[in-house]
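The values are calculated or read from the model by the stated rules, or taken from the named source; none is laboratory data. In this text, all values refer to a predicted model and were calculated from it rather than measured experimentally. A quick note on method: Cβ atoms are made from the backbone with ideal geometry, for glycine too, and the neighbour counts reach across all protein chains shown.
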Amino acid sequence: CDFFKARCEDATLKIDRNIRHCQSQVNVLSNVTRLPPPTRPPRPTRPSVDICQKIETDGCSDRMNRPIRLCASNGKMYTTSCDFTKARCEDPALRVDWNIRHCQSQVNVLSNVTRLPPPTRPPRPTRPSVDICQKIETDGCSDRMNRPTRLCASNGKMYTTGCDFVKARCEEPSLKLDRNLNHCRQDE
């Protein structure tokens, strides 16, 4: 800013990147007291009134009800962020304690809680859908299914296209792929 003010008075002024040319000025400037860096506004001491009211009236979202282990400054372990936020609405001084050992007695209790098994996928169909069997019978196989390949099946036969394997599986629904090609006879 000072440079541009001085340049208003003397238009011939230019920036000299060689600091040695200004050495006497550098020593003077090094004694200038610098302003402290700007400070951030203080963090709110409690959750916003909006979130507290929303939880009170509508309850917590599914995301806030996901199971977590959250140790708090009061030594309690919270199992969802919803529970922690509710507690913070009551006690604004409550903070997350990132040292989980401070809640160690509750960690041991929570580790004994029976966990739900992971969700299971529906079983795969044991045979190709009737639709695909009928489609192959009426329209034939697509180019993709007719690409040459080597598929070993549980009946010991080697199929040279996916189409041949699916046709055989339409006839014999218990037929499965065998990943070990050595189990199939090569002459078929």
Cross-chain or 6+ apart pairs with Cβ under 9 Å, segment 54-66 first and on the phi > 0 side of the Ramachandran plot, then assigned to a loop (DSSP other than H, G, I, E, B): Gly59/Asn65
Could you tell me how many of the residues in segment 113-144 are within 18 Å of Pro173 (Cβ to Cβ), assigned to a loop (DSSP other than H, G, I, E, B) and either out of contact with any helix residue (DSSP H, G or I) (no Cβ under 6 Å at 6 or more places or on another chain) or modelled with pLDDT of 70 or more (or both)? 7
Inside segment 50-70, can you point out the residues that are under 18 Å from Glu90 (Cα atoms), of a type in the set (Val, Ile, Thr) and surrounded by 10 or more Cβ atoms within 10 Å (Cβ to Cβ)? Ile51, Ile55
By residue number, the members of segment 132-165 that are loosely packed, with under 14 Cβ neighbours inside 10 Å, among the basic types (Lys, Arg) and closer than 18 Å to Asn182 by Cα are Arg150
